[in-house]
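Only one structure is covered here, and it is reproduced in the block below.
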Amino acid sequence: MSKYQVRGLAVSLLVGVGLVSTASVYTGAVIGAPAGPAPLSRVKRPEADCTRTSVGLPPLTDLGSGTYQGYEGGLYPGGENQVPPKYRSLGQAHAQNVRPLNLQGQNDPNGRIVLLSIGMSNTTQEFSTFKQMADTYPTKNPRLTIVDGAQGGQDAIAIRNPNAQFWTIVDQRLSSAGVGPNQVQVAWLKEAIAGENRAFPADAQGLRDALRDIVGIMEERYPNLQIIYLASRIYAGYATTTLNPEPYAYQSGFAVKWLIEERINNGDEGAWLAWGPYIWTDGLAGRNDYFTWQCEDVQSDGTHPSNSGRQKVAERLLKFLLSEPTARVWFSQN
């Protein structure tokens, strides 16, 4: 058994992070609280555990061809962190198809390209910060409209239902931005399962299956969708709730990895799926690129990113879209 397998078994006993909005956590039942409802001011708020600066797990980007509980690391097959060449060529073809469209989905030089986020509370907090940065970035494509469709309290189980209210709200947000479903061509998808407690790999397999359903809904609702960049969770070691504890935040990376591998193996059957920036890191222990996650990067619940945490994720997403070959052709002004 490798040191990472031993650590993985040990940290499975940790409790950790949540996926719903901070307010919904605060108004729910709290261990040790009196039975029955209590005013918000009397509910004991969870506090981040700033002593848990590392959980000893290997970031997928550092693990490479090594294994975690028998499963290969890396973001892509073969323990690699780069998109396989043949699959990248497919992605570049999809990227070339991203162009301004009118509300009916027809080519129109005066139309719009929509970049849409889909996900939970962490997703909307991070993406809204990204949107503020990107909308004022000097080289942003003037035909690009960025819409935050992610919503608090909406985990992967909730939104894998095509009839969920979540999708109606997304459409409302598109309409408010002056765009429509036919103009959505690129998306950032970040999800997890609230209350996850299954042992690995069942937890990651369950999330992978839910993500697969969500991708199918997106492809159905947005017929011109070309690219979906995916993300897994941020570091959860500081969290003290049981909504999505470490090692589940870490293991969610395998769900994304496996879903992308399915699409690689199945060929061009829909939108091109690929990793966006990989944002999990082992707390202050960090990873090979020196990216770390400090306790000040989370809110008091240890679950949701603080302003500095949102900024970290937003900066990485912006840098990714400015440099990634399948993104810069439509994200930046030509």
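Brief remarks on what is shown
- A Cβ-based charge dipole, computed about the Cα centre of the range 41-97 with Lys and Arg at +1 and Asp and Glu at -1, lands at about 340 debye.
- Mean sequence separation of contacting Cα pairs (under 8 Å, at least six apart), scaled by the length of the range 252-301, corresponds to a relative contact order of 21 percent.
- Length-normalised contact order for the range 155-209 - Cα pairs under 8 Å, 6+ apart - percent: 41
- Computed on the chain, with alpha-carbon pairs under 8 angstrom and 6+ residues apart, the relative contact order is 26 percent.
- Along the chain, counting only trypsin sites (Lys or Arg not before Pro) with a DSSP assignment other than H, G, I, E or B and at most 15 other Cβ atoms inside a 10 Å radius, the longest segment between sites is 45-197.
- Derived scalar couplings between HN and Hα for the range 314-324 equal 4, 5, 5, 5, 5, 4, 4, 5, 7, 10, 5 Hz in order, rounded to whole Hz, by the Karplus curve 6.51 cos²θ - 1.76 cosθ + 1.60 (θ = phi - 60°), x for Gly and Pro.
- The equivalent ellipsoid of the range 99-223 has semi-axes of 28, 16, 12 Å, largest first, where each one is the square root of 5 times an eigenvalue of the Cα gyration tensor.
- Taken about its Cα centre, the chain carries a charge dipole of about 400 debye when Lys and Arg each add +1 at the Cβ and Asp and Glu each add -1 at the Cβ.
- Magnitude of the charge dipole for the range 149-293, about its Cα centre and with charges confined to Cβ atoms of Lys, Arg (+1) and Asp, Glu (-1), is about 220 debye.
- Helices in the chain, meaning DSSP H runs of at least 4 residues, each add -39500 (n - 2.57). Divided by all residues, the mean residue ellipticity at 222 nm is -11500 deg cm²/dmol.
- For the range 71-80, 3J(HN,Hα) computed residue by residue from phi via the Karplus equation (6.51, -1.76, 1.60; θ = phi - 60°) reads 10, 5, x, x, 7, 10, x, x, x, 8 Hz, glycine and proline entered as x.
- Taking the centroid of alpha carbons for each part, the range 142-162 and the range 279-300 are 25 Å apart.
- Accessible surface of the range 142-291 [probe 1.4 Å, protein heavy atoms]: carbon and sulfur percent: 44
- Residues whose placed amide H lies under 5 Å from that of I279, excluding near-sequence neighbours: S232
- Cα lying deepest toward the dipole's positive end in the chain, options S308, N97, P138, charges on Cβ: P138
- Along the chain, counting only GluC sites (Glu not before Pro) with a DSSP assignment other than H, G, I, E or B and at most 16 other Cβ atoms inside a 10 Å radius, the longest segment between sites is 48-268.
- Toward the positive end of the charge dipole of the chain, with +1 on the Cβ of Lys and Arg and -1 on the Cβ of Asp and Glu, the farthest Cα among N266, I169, G78 is that of I169.
- On a per residue basis, the chain carries 41 Å² of accessible surface, using protein heavy atoms and a 1.4 Å probe.
- Pairwise Cα separations in the chain fall into 10 Å bins from 0 onward with the following percentages, short to long: 6, 27, 35, 23, 8, 1, 0.
- Karplus (6.51, -1.76, 1.60) ³J(HN,Hα), θ = phi - 60°, over the range 226-231, in Hz, Gly and Pro reported as x: 9, 9, 10, 8, 10, 9
The values are calculated or read from the model by the stated rules, or taken from the named source; none is laboratory data. Keep in mind that what you see is a predicted model, and the values were worked out from it rather than measured. Neighbour counts are summed over all protein chains in view; Cβ atoms, including those assigned to glycine, are modelled from backbone coordinates with ideal geometry. In case anyone asks, the SASA skips ligands and DNA or RNA and just uses the protein heavy atoms, side chains included. Shrake-Rupley method; radii C 1.70, N 1.55, O 1.52, S 1.80 Å.
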